[in-house]
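I have placed the structure first, in the form of C-alpha cells, so that the comments after it can refer back to it.
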Amino acid sequence: MATIFQIAVVSSLAVISRQVHAFSVLPAAPSSILRQSSNHHHHPNVNTAHGTMQRQSQLFAEKKNPVDELSEERKENLFQFLLRDMEVEGTPVLACDADQAHTFQGTVWTVMAQLSENDIESKACMVLQEMSIDSLQSFVDDFLAIKANERLMEYLPELARFNVTLLGRGVGPALVVETSNRTTAELEAVAKLESTFSDPNELTWTAAMKAFVARLGGWSEDKDDLPNPHAYRLAGSWDVCDTLATFWVSVCELLAQPEDVLGSTILCLPASKVDSDDSDSVQQARARFAATTELVTESLFMARGQDLFDVSYLHPLYDRDNIHLVDNLYGHLPLLKSVPALLKDSSAYDGNVDALTDNDLKLQNYQRRSPLPAIFVRRQSKKAKEDSTAAVFANLSKEGKEALQEALEKEMELV
C-alpha cells in the first residue's frame, strides 16, 4: 500500500513539475511571504480577508527553534535518522521534485487530498530537497493560522483532523502530514456533505459551463491580440483539499503552456443540492463557498500567484454581499454599496444611477451566477480593462432579471 500510495502522489505532478521547471516563474516563497502578501505591493487596493490569519501566522513563525543551534553535519545525520525511522514505522516517505511555489502547493495539497479520502488516521512524509526549509515553515505556519480561524473551520470541517509539521522541527527539507481518525461527529459531517454534493460528470458539467461562458462572452475576448482558449477541469470531490489540489495542478498546467495554447482554466466544483426555498441550506452553501474561496486566495497569495493570474469565483447562488463585507475582496465583485459610484464614474453606463434600487443593483451578481461552483483562472491582462464593471452591468440591465434567471436555470438543467 505504501508503494502504491507513493507512486500515485508523486506521479500526479511529476510531468507538470518537469514541464514548468524551465519557466521559473514563481520562486519558492520565503518565510516572510505572509508579511509581504499583507502589503500587496502590486495590488494595493485588494483585500484578501485574511489579516487575522496573517497575524496568527507571524506569531507561529516567531517561536525560537532549537534546531538552529545544531551544526549542518548534525542536522543531516539527524535528518537521515528520522527518515529511516519513518520508513521503519511504515510511513510512506515521498521523494517530491517540486522546486517552485506552484509545484510545491500542488504537491502538498495532492497528498492532503489523498489522505483525506480515508476515515482512519494516516501519515505521509514528503521530502522536498529543492525547497528551502523557510518555505516549508511558511506553509506550516500558514496552515496553523487557517486551523485557528474558527470562521473557516466551521464551514471546512475536513481540515480539522490534519496536522502539518516539519520533520524534526526543520533538520531537513521534509514535511510530515498527518490525519487523525474521524470522530463520530466528523463521520456524520462527511456523510452529510457527501449526500449534499453532486458527483462529477465531465460531459454534462463542461457543457453547462460552456453554455454559461458563451452567454457571458465578455470573458472570451482576446487579450493582447492573442487568442484565449479555455480549458475545463473538474475537481473530483467536495473535499476542499481536492479543490486546492486541482486548482494548483491547473495553475501548473497554465504555466507550462504558451498563452496561445492555453489562456485560462475554468475549474468546476461539485454543486450542492440546495433547496432554494430553504434559507438555511442556501446560507450553508454560500458560507462554504465563501470559505473555500478565501482558502484558495490565501494559498494563491502565499505563492505570489496574484501577480500572474486573475481569479474569479463563481456559484449558482452568488451574492456578493453574502460573501464577506469588506471592500475590494480578491476574486469577487464590488460590494453592492460600491456599484453606484462605479457606474457614475463610467461612460459605459448611461442610465439614471440615482433611480436604481437595491434589486436593480443586485443584477450584478448574475455575471458570477454559473450553473456550477467554479474558479475561473486566467493570465493577467497586460491591458487594463476600463469600465468593465459598468459595461457588464449595462448588459445585464438590458437582459433583465427574469431573462437572466431563466438562462441560468436552463444551464443548470444540463448538469
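The values are calculated or read from the model by the stated rules, or taken from the named source; none is laboratory data. Keep in mind that what you see is a predicted model, and the values were worked out from it rather than measured. Counting neighbours? That spans all protein chains shown, and the Cβs are built from the backbone with ideal geometry, glycine included.
Observations on the model:
- Within region 236-258, residues that are outside the structural domain of residue 119 (by TED's automatic domain parsing) sit with their Cβ atoms under 9 Å from residues that are β-branched (Val, Ile, Thr) and in a loop (DSSP other than H, G, I, E, B), at 6+ positions apart or across chains, in these pairs: 255/25.
- Residue match in region 193-200 (condition: under 23 Å from the mean Cα position of the chain (by Cα), β-branched (Val, Ile, Thr) and either surrounded by 19 or more Cβ atoms within 10 Å (Cβ to Cβ) or modelled with pLDDT under 90 (or both)): yes
- Count of region 385-407 residues which are crowded, with 17+ Cβ neighbours inside 10 Å and either within 26 Å of the chain's Cα centre (by Cα) or not assigned by TED's automatic domain parsing to the domain that holds residue 211 (or both): 2
- Only one entry of 411, 402 meets the criterion of being in a helix (DSSP H, G or I) and within 26 Å of residue 233 (Cα to Cα), and that entry is 411.
- Some residue of region 155-169 being at pLDDT below 95, of a type in the set (A, V, I, L, M, F, W, C), out of contact with any helix residue (DSSP H, G or I) (no Cβ under 8 Å at 6 or more places or on another chain) and not assigned by TED's automatic domain parsing to the domain that holds residue 244: no
- Residue-level check: of (1) surrounded by fewer than 21 Cβ atoms within 10 Å (Cβ to Cβ); (2) outside any helix (DSSP H, G or I); (3) not small (Gly, Ala, Ser), residue 190 misses just (2).
- Residues satisfying the stated conditions in region 327-350, i.e. under 29 Å from residue 298 (Cα atoms) and loosely packed, with under 13 Cβ neighbours inside 10 Å: 327, 337, 341
- Residue match in region 293-302 (condition: buried (at least 21 other Cβ atoms within 10 Å of the Cβ), part of a helix (DSSP H, G or I) and either touching a His at 6+ places or on another chain (Cβ under 6 Å) or not assigned by TED's automatic domain parsing to the domain that holds residue 246 (or both)): yes
- Screening 321, 360, 354, 350 for residues that are assigned to a helix (DSSP H, G or I) and under 13 Å from residue 393 (Cα atoms) leaves exactly one candidate, 360.
- Among the residues making up region 159-187, those that are out of contact with any Lys or Arg (no Cβ under 9 Å at 6 or more places or on another chain), part of a helix (DSSP H, G or I) and not aliphatic (A, V, I, L, M) are 169, 184.
- Residue that is surrounded by the most Cβ atoms within 10 Å (Cβ to Cβ), among those in region 259-292 that are of a type in the set (Asp, Glu) and either without any contact (Cβ under 8 Å) to a residue 24 or more places away in the chain or within 20 Å of residue 212 (Cβ to Cβ) (or both): 278
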